[in-house]
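Below: one structure, written as structure tokens.
Bear in mind these aren't lab numbers, they're just calculated from the coordinates by the rules spelled out. On a predicted model such as this, the values are computed, not experimentally measured, just so you know. Glycine gets a Cβ as well: all are built from the backbone with ideal geometry, and neighbour counts include every protein chain shown.
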Amino acid sequence: MAGIIVAMPIQLLPDVLISQIAAGEVVERPASALKEFLENSLDAQSTDIAVSLQQGGIKSLRVADDGIGIPKEELALALARHATSKIASLEDLENVASLGFRGEALASVASVSRLSLTSRARGERHAWRIDADGGQYSALQPAALEGGSIVEMQDLYFNTPARRKFLKTEATEFGHCEEAFKRVALSRPDVGFQLTHNGSAKWRLPSSEASKRIGAVLGTEFAAAALPLDEQGGALRLWGMAAKPTFSRMGRDAQYVYVNGRFVRDKLIAHAIRQAYQDVLHHERHPAFVLFLEIDPALVDANVHPTKTEVRFRDGQAVHRFIFHSLHKALATTAGTATTAAPLIVAETASAPPTPAFQAQPYPTYQPQIPLRAGEGQNFYETLFGRSTPLPTGTSEGATFADIAVAQAVQSISQELPQDFPLGFAIAQLHGVYVLAQNKQGLIVVDMHAAHERIMYEKLKTALDAEAIATQPLLLPLSFHADRLEVATAEEQGEVLADLGFEIAVLSPTTLAVRSIPAILADSDAVALARDVLRDVREYGGSRVLTERRNELLATMACHSAVRANRSLTITEMNALLRDMEATERSEQCNHGRPTWFHLSMADLDKMFMRGQ
């Protein structure tokens, strides 16, 4: 009857059945076999690897390399379970540096497919071949092969139909194989790779330096938006490329992390990366990066899972701190030190629309003044607006004031825009929302609220870190109606509020008065600002709001002080904003991860207007 379990004597399972059970963990789909084959090729010191697939790897999967090959007497052993040349003792296992070491991949694949292995070790007269059909091995046969190894898998899961039915469409399985191919190709830029599917060449990646390989695999848009990273700390090194937050994605399809050359998906590393990006990335977007962590093999356990995509660190906290601080430092660039301008279009998959521009807030009843006092290119503007100077070269005595102004402006633009002002100089304001500026390369478009919000946010963080938030007493205290929780918070959390630069007095059980606010926020709506701060302090508690919730609170405060949409700025104020942006870390994104500025080069503009076509 169904559901009744019949007791059976304890017995040893057949080797073929053991391998088929192991195949369920090691060989989930063709891409799993491809990963194992590629790793074996790299461990064999290959410099060129060619992959050929038929029907997404379900029908056929072939990997050919030019590695050191396998000697004739070891060829049959290569298909045996737990046979490996890469470790021989527990000490070897604890210091494993090779990609493969379990010695079960080929045996598992051979048990659920028709597999052939051809190899010619260096120094041998010719190659040898062994075939496996569902775990049944043939005798060795001579074969023709110039060098290296060829492993070919056909008809995956032909003898286990229950598993075969879980395979997806050809397109889906090829997509997984292609991703496995890209992961390995990124890990070894010094090795050439080729991928062919159904007779059509999909990838040709010659050996190159790491940055070129990353750009070839992830695309030119990623390469243009990526920041180089190389940090060393004791036994740890983190290097690679991390894209600016403006190059964010809807999914995690452009995230590659390697530990000692092995692709991994590690929760601890992922958390450290999210923490580094959280201050500059919109919460619905995901960052893009290719990062390589190098660590003493004795300090990391790669023997956690059969697929070897999980690792365990001996000192996880130290690894987390190192990754977070290294990546946080790389992302803390300023507009003045950035090597490339923010991209015009947020990179995304072809089918997804680009992220919309920052939505400006409605015109408020209260309009704060913008406290910007940075220096600007006075000579340029004095010339542009008619300062008494000699006529520009080539200007006639009868020229009008407009002619002279234009000529002087053009001359100044070409000669006086210094290279160390990458955001250039303001030329106009658009609809009270965007600042238009001109630099030597073209046009800069700035979201003034988003940019100013980031500037104020970074200033508040710096001041709080230094315990030096200066207060600004109000000439006349501002009283407002408060509920009992707000009053209780003002009474109980006076010290926390003082650390944040506030003095809020209790006038009655239902009335509070703002007497002082942070000097840096002196032009903000003091009552609205005080209400928001009281709410956060009440909700999260005094200690948490100054530690783990600190950035969220400071972001709220910065938003209150930032210049609002529909506020008309003078040329002086616009240029002060640009200079402050150039000196502010992470100024390419607002506190919510949205871009603060875009760049249109002259080439972009010429293309729009079809100049030269």
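Values computed for the structure shown
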{"item": "Whole-number D in µm² s⁻¹ for the stretch 210-331, Kirkwood Cα-pair radius fed into Stokes-Einstein, 10 °C, 1.306 mPa s", "result": "109 µm²/s"}
{"item": "For Leu478, distant residues with modelled amide H under 5 Å away", "result": "Val514"}
{"item": "Net charge of Cβ neighbours under 9 Å - reference Glu458; Lys, Arg +1; Asp, Glu -1", "result": "+3"}
{"item": "Burial ordering of Ile469, Ile444, fewest other beta-carbon atoms within 10 Å first", "result": "Ile469, Ile444"}
{"item": "Mean Cβ count within 10 Å, highest first, over the residues of peptides 47-55, 202-210, 567-575", "result": "47-55, 567-575, 202-210"}
{"item": "Interchain or long-range residues, amide H under 5 Å from Ser60's placed H", "result": "Gln54, Asp155"}
{"item": "Shape of the stretch 483-541, Cα gyration tensor, a/c cut at 1.5", "result": "prolate"}
{"item": "log10 of Debye I(q)/I(0), alpha-carbon scatterers only, for the stretch 417-613 at 0.15 Å⁻¹", "result": "-0.91"}
{"item": "Additional length obtainable on full extension of the chain from Leu478 to Asp48, 0.36 nm per residue less Cα span", "result": "147.4 nm"}
{"item": "Long-range amide H partners of Thr196 with built H, under 5 Å", "result": "Val51, Ser52, Leu53, Lys202"}
{"item": "Karplus 3J(HN,Hα) series, Hz, for the stretch 196-201 with 6.51 cos²θ - 1.76 cosθ + 1.60 (x for Gly, Pro)", "result": "10, 10, 6, x, 9, 6"}
{"item": "Net charge over other residues, Cβ less than 11 angstrom from the Cβ of Ile58 (K, R count +1; D, E count -1)", "result": "+1"}
{"item": "Within the stretch 185-278: Cβ-based charge dipole about Cα centre, in debye rounded to nearest 20 (Lys, Arg +1; Asp, Glu -1)", "result": "260 debye"}
{"item": "Cleavage-rule hits (GluC sites (Glu not before Pro)) in the stretch 519-565: DSSP loop, at most 13 neighbouring Cβ within 10 angstrom", "result": "Glu548"}
{"item": "Where Rh is the Kirkwood radius over Cα pairs, Rg/Rh for the stretch 442-558", "result": "1.01"}
{"item": "Packing-based order for 506-516, 455-465, using average beta carbon neighbours within 10 Å, highest first", "result": "455-465, 506-516"}
{"item": "Difference of contour (0.36 nm per residue) and Cα-Cα distance, Ala224 to Leu605", "result": "135.3 nm"}
{"item": "Relative packing of peptides 221-228, 577-584 - highest average C-beta neighbours within 10 Å first", "result": "577-584, 221-228"}
{"item": "Vicinal HN-Hα couplings computed from phi for the stretch 248-262 (Karplus, 6.51 cos²θ - 1.76 cosθ + 1.60; Hz; Gly/Pro x)", "result": "9, 10, 6, x, 9, 6, 10, 10, 10, 10, 10, 10, 6, x, 9"}
{"item": "Share of Cα-Cα pairs in the stretch 131-194 lying beyond 13 Å, as whole percent", "result": "78 percent"}
